Amino acid sequence: MTAATITPSAGARPLADTLTMLRRNLLRAVRYPGLTSFTVGIPIVLLLLFVFVFGGALGAGVVPGVTPGAEGRAAYLAYITPAILLFAVVGAAQSVAITAAMDATSGIMARFRTMAIAPGSVLGGPVLGTVIQAVVAVVIVLGLSVALGYRPGAGPLGWLALLGLVVVVAFATSWLCVAMGLAAKSVETASNTPMLLTALPFLGSGFVPVETMPAAVRWFAEYQPFTPIIETTRALLTGTAPDASTTVLALGWCLLLGAVGYAWSRALYRRERA
Amino acid sequence: MPGTSPAIEIRGLRKSFGDQTVLDGVDLTVAAGTITALLGPNGAGKTTTVGVLSTLLRPDAGTVRVAGHDVVGAPEAVRAAIGVTGQMSAVDDLLTGVENLRLMASLHHLGKRAGRQRVDALLEQFGIADAARKPVATWSGGMRRKLDLAMTLVGSPSVVFLDEPTTGLDPRSRRTLWDEVTALAAAGTTILLTTQYLEEADRLAHRVAVLDRGRIVADGTPADLKATHDAGTLDDVFLRLTEPSTEASAGASASAQSATTTEEVAR
Ligand SMILES: Nc1ncnc2c1ncn2[C@@H]1O[C@H](COP(=O)(O)OP(=O)(O)O)[C@@H](O)[C@H]1O
Ligand SMILES: [Mg+2]
């Protein structure tokens, strides 16, 4: 044996290890494209459904002065694109719960836990992979929306800010979903808790104005994290300056969700498993 | 590696799950560069012991040192020194054999060239080079087990834990693994393995420790154990030392557990 000839440098190197785990994650995504296609497929189906089935009527309902039919569809496409984009981000995040649960229930995570690797690297690789998948999903869905006639008014700075926001939201929700995946008893149940997260873009101002909702739902819609996130996205896409307090609230929510997800994931990683 | 101090030192190790006491004061010392077999009936606590040694489980009481480091006080130092092949398969099914091994090489920071050389050498050594570029999901149970062990060795660990490494393997694969384990120890690596096959312990191990009802009930060379218990084979020693009542009470869960293990390995 060559035990004496190769001396690996002992101990963790967080950055290098995170990139190694990212590479593994992307390789798995390529080998098992079903999950990724599903992640991009659902928002595409939703966009088509909402625009072509509901859009004609709903567009006239949510945008003042718009007539039902083709004009309504165009107006509704513009109205829901921000929420659909964020739904795509959360959908991507949801898939990392499944990835994390697959690793935790197979022996491979136990192997990583016996090696000198930081928990942040083992779990951070999949999180970064998910951020990349979320950005790709957003680009595809936005491309479809533009192909259907949507015309965003964002300038170069607006696009940059939008990319930044998408990355921040993806990062925060992915950490939360990693924790939810680790907390799950099986791969089959791993996406149950994150489902609550994917429902949030619907329970806000993304698809209909909150003023049309009953009091209790409206209260929730006004105060839940995705309302300021969607409103900031909407402003960036249309090219108007986003309201400062709304932006701060959106970023604050992301910071909180991400911090909770990160701390929870780390704690679950070292938890004793049966 | 500190040449004279023991590679593994377990003193008064206790571990419970809920109100079930699994390890009830285990003492074991393993000298560097030796092979020790940990025997015991199903449910005796072998996997739990390996779990504590490999920092996956926290001891409730006692001191446990591996490669000179305390598993509670310095788990990172322990992790840097050990390699573990658990009872459960720990390979990435979606990746190929080469990709699995290169993943380990990267995580051990071997560098591109040295990493590739190490991976190629291990593929040859374990006779899995032919299938190396196919996804592991398509491999046989025996080949997966060899890959599992090869992955454990990428970082050239000084202490290696093998939890039932040959369960469910065909005789030829078993022989390959035995040869590798013997060669590893000859090169100075310390090995603690658990097994259900007493023949395996007899052939492979310098020392055998029998775990029963949470304690080590016998500990010595295979020849010593046979002599002191006036037995012809390790089977007889084992039967004389371990409580039949343990088997009866743990029987149901134990057979379920070994069934999953075989399935896991055979998949
Ligand atoms: N994480 C756990 N939670 C609860 N009980 C456990 C856990 N791990 C092991 N046990 C129990 O501890 C006992 C010893 O298990 P184990 O160490 O796997 O035995 P062996 O490997 O010798 O067959 C068994 O009764 C098993 O059910
Ligand atoms: Mg076991």
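Since every read-out is calculated from the coordinates, none of them should be taken as a lab result. Note that the structure is a prediction, hence the values are computed from the model and not measured. Note that each Cβ is placed from the backbone with ideal geometry, even for glycine, and that neighbours are counted across all protein chains shown.
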Degrees, to the nearest 10: B:171-186 long Cα axis against longest axis of chain B: 90
Inter-centroid distance (Cα atoms) of the stretch B:144-169 relative to the stretch A:29-104, Å: 46
Cα→Cβ-extended label distance, 7 Å offset, between A:ILE132 and B:ASP27, nm: 5.4
Average other protein chain Cβ within 10 Å of Cβ, residues A:89-97: 0
Residue-wise HN-Hα coupling along the stretch B:31-48, computed from phi with Karplus coefficients 6.51, -1.76, 1.60 (Hz; x: Gly, Pro): 6, 4, x, 10, 10, 10, 9, 9, 9, x, x, 3, x, 6, x, 5, 5, 4
Spacing of the two label points (7 Å from each Cα toward its C-beta) at A:ALA199 and A:GLU211, in nm: 2.7
GNM result for chain A, Cα springs below 10 Å: residue of A:MET115, A:MET180, A:MET21 fluctuating most strongly: A:MET115
Segment A:GLU188-A:ALA57, extension gain: residue separation times 0.36 nm, minus the distance between their alpha carbons: 43.4 nm
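What does the charge count around B:THR190 come to, taking other residues whose C-beta lies under 14 Å from its C-beta (Lys +1, Arg +1, Asp -1, Glu -1)?
+1
Calculate, in nm to one decimal, what A:GLU272 and A:LEU48 gain on full extension: separation in residues at 0.36 nm each, minus their alpha carbon distance.
76.1 nm
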3J(HN,Hα) from dihedral phi, the stretch B:60-75, Karplus parametrisation 6.51/-1.76/1.60, rounded to Hz, x for glycine, proline: 7, 7, x, 10, 10, 10, 10, 6, x, 10, 6, 5, 8, x, 9, x
Residues A:SER205, B:SER140, sorted so that the one with the fewest Cβ neighbours within 10 Å comes first: B:SER140, A:SER205
Helix runs (DSSP H) in chain A reaching 20 Å along axis by Cα, Kyte-Doolittle at least -0.5: A:14-31, A:33-49, A:70-105, A:119-147, A:156-183, A:244-269
Farthest toward positive dipole pole in the protein assembly as shown [+1 Lys/Arg, -1 Asp/Glu at C-beta], among B:SER89, A:ALA172, A:VAL136: A:VAL136
Exercise: per-residue mean of other protein chain Cβ atoms within 10 Å, B:80-89: 4
Longest segment of chain A lacking GluC sites (Glu not before Pro) that sit in a DSSP loop with at most 16 other Cβ atoms within 10 Å: A:1-187
Exercise: per-residue mean of other protein chain Cβ atoms within 10 Å, B:105-112: 6
Table column - 3J(HN,Hα) (Hz), the stretch B:93-100, Karplus curve with 6.51, -1.76, 1.60, x for Gly and Pro: 4, 7, 8, 7, x, 4, 5, 4
Where labels lie 7 Å past Cα in the beta-carbon direction, separation of A:TYR223 and B:THR228 in nm: 6.9
Spatially proximal lysines relative to B:LYS146 (Cα-Cα < 19 Å; intrachain offsets below 8 disregarded): B:LYS134
